[in-house]
1. Hey, any hits in region 123-139 for a residue that's without any contact (Cβ under 8 Å) to a residue 12 or more places away in the chain and closer than 30 Å to Glu70 by Cα?
2. Taking region 35-75 only, how many residues are surrounded by 11 or more Cβ atoms within 10 Å (Cβ to Cβ), of a type in the set (A, V, I, L, M, F, W, C), free of Cβ contacts under 8 Å to residues at least 24 places away in the same chain and over 30 Å from Gly86 (Cα atoms)?
3. Spot the failing condition for Gln141; the list is (1) closer than 30 Å to Leu233 by Cβ; (2) open to solvent by 80 Å² or more (accessible area, probe 1.4 Å), and only one is missed.
4. Condition check: at pLDDT below 80, in a loop (DSSP other than H, G, I, E, B), more than 30 Å from Lys109 (Cα to Cα) and open to solvent by less than 100 Å² (accessible area, probe 1.4 Å). Does Val30 satisfy that?
5. Determine whether region 108-122 contains at least one residue that is open to solvent by 70 Å² or more (accessible area, probe 1.4 Å), aliphatic (A, V, I, L, M) and more than 39 Å from the chain's Cα centre (by Cα).
6. Find the residue count for region 208-237, including only residues that are touching a Pro at 6+ places or on another chain (Cβ under 9 Å), modelled with pLDDT of 85 or more and loosely packed, with under 15 Cβ neighbours inside 10 Å.
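The values are calculated or read from the model by the stated rules, or taken from the named source; none is laboratory data. Keep in mind that this is a model prediction, so the values were computed, not measured. Here Cβ is always computed from backbone atoms with ideal geometry, including for glycine, and neighbour counts include all displayed protein chains. Just the protein is used for accessible areas: all its heavy atoms, side chains included, with ligands, DNA and RNA removed. Shrake-Rupley method; radii C 1.70, N 1.55, O 1.52, S 1.80 Å.
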Amino acid sequence: MSNIEEEEEEDYMSDAFLSSIQDVKPGIPVPRRVKELYQKEEKHRENNIKNRQKSLKEVEKERRDSVLNEALTKNNKGFALLQKMGYQKGQALGKKGDGIVEPIPLHIKTGRSGIGHEAMTKRKAEEYLENFRQKFQMTQQAQGQAANDFRLRMRSKREEQKLEGDFRRGQRACLQLDKQKGISCPREVWYWPPSDAPQEDDSEPEEDEVTDQELSIPEKSHILASYLRQRHLFCIWCGTEYQDEEDIQSNCPGDTFEDHE
């Protein structure tokens, strides 16, 4: 073998190549000396693991497990006393034989936490879970209440818009019907649309007089509907002017918006 080939093999034996040789894909040729070196390193690593000195906890655990897995013999004083009282191996304890068969398991506490720490941790976890569940339920209820309030507000707003539309339609109908009968001035200024109603004077209203600013849209709509029904035999919600009192009583559902729904 030439010097160039020996140098190439030495390069293959570098630490980087040894660390990545496990990832080499099948089918790629690897020099024999590199394989032998890798196998030697693996064997050395396994021996180190086997000969590694065990910690004190590991030694104690192995010793404890081996003792607990061994069955009691006659050399055990407690077992010998049980046999003197008539106990047989594999028999349940108790006068009637209804006691336990296997010994009470031994739970070794290896952590450094105090007595009752696990129970306290469990209790705190349960309390945290219960608090979280309550907060989640309260949040869900608050969201549901907010959604209901929003729906109620939107429905109330739509109803107000509907009443206002009915009121404006009643004003236009009142103006047209009053004009047809030669009425030049409405009974109340707000009976007609603002653009067609005459302007009020600046005189102060009497104490017992109710101004239109004190009335709400539903109240105005109800008053105007009653006026149109009595004066002109006209129903705002039917949009019809009836011929006489008998006609409006028999063909109109009623004098309120709810009657026409």
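1. Filtering region 123-139 down to residues without any contact (Cβ under 8 Å) to a residue 12 or more places away in the chain leaves 123-139.
Next cut, closer than 30 Å to Glu70 by Cα only: none.
Checked against the condition, which is being without any contact (Cβ under 8 Å) to a residue 12 or more places away in the chain and closer than 30 Å to Glu70 by Cα, region 123-139 yields no hits at all.
2. Number satisfying all stated conditions: 1.
3. Here Gln141 clears every test but (1).
4. Values: at pLDDT below 80: yes; in a loop (DSSP other than H, G, I, E, B): yes; more than 30 Å from Lys109 (Cα to Cα): yes; open to solvent by less than 100 Å² (accessible area, probe 1.4 Å): yes.
Judged against the criteria, Val30 is a match.
5. Looking through region 108-122, at least one residue is open to solvent by 70 Å² or more (accessible area, probe 1.4 Å), aliphatic (A, V, I, L, M) and more than 39 Å from the chain's Cα centre (by Cα).
6. Start the filter on region 208-237 by keeping residues that are touching a Pro at 6+ places or on another chain (Cβ under 9 Å), which leaves 211, 235, 237.
Checking which are modelled with pLDDT of 85 or more leaves us with 235.
Still in the running and loosely packed, with under 15 Cβ neighbours inside 10 Å: none.
Residues flagged as touching a Pro at 6+ places or on another chain (Cβ under 9 Å), modelled with pLDDT of 85 or more and loosely packed, with under 15 Cβ neighbours inside 10 Å within region 208-237 amount to 0.
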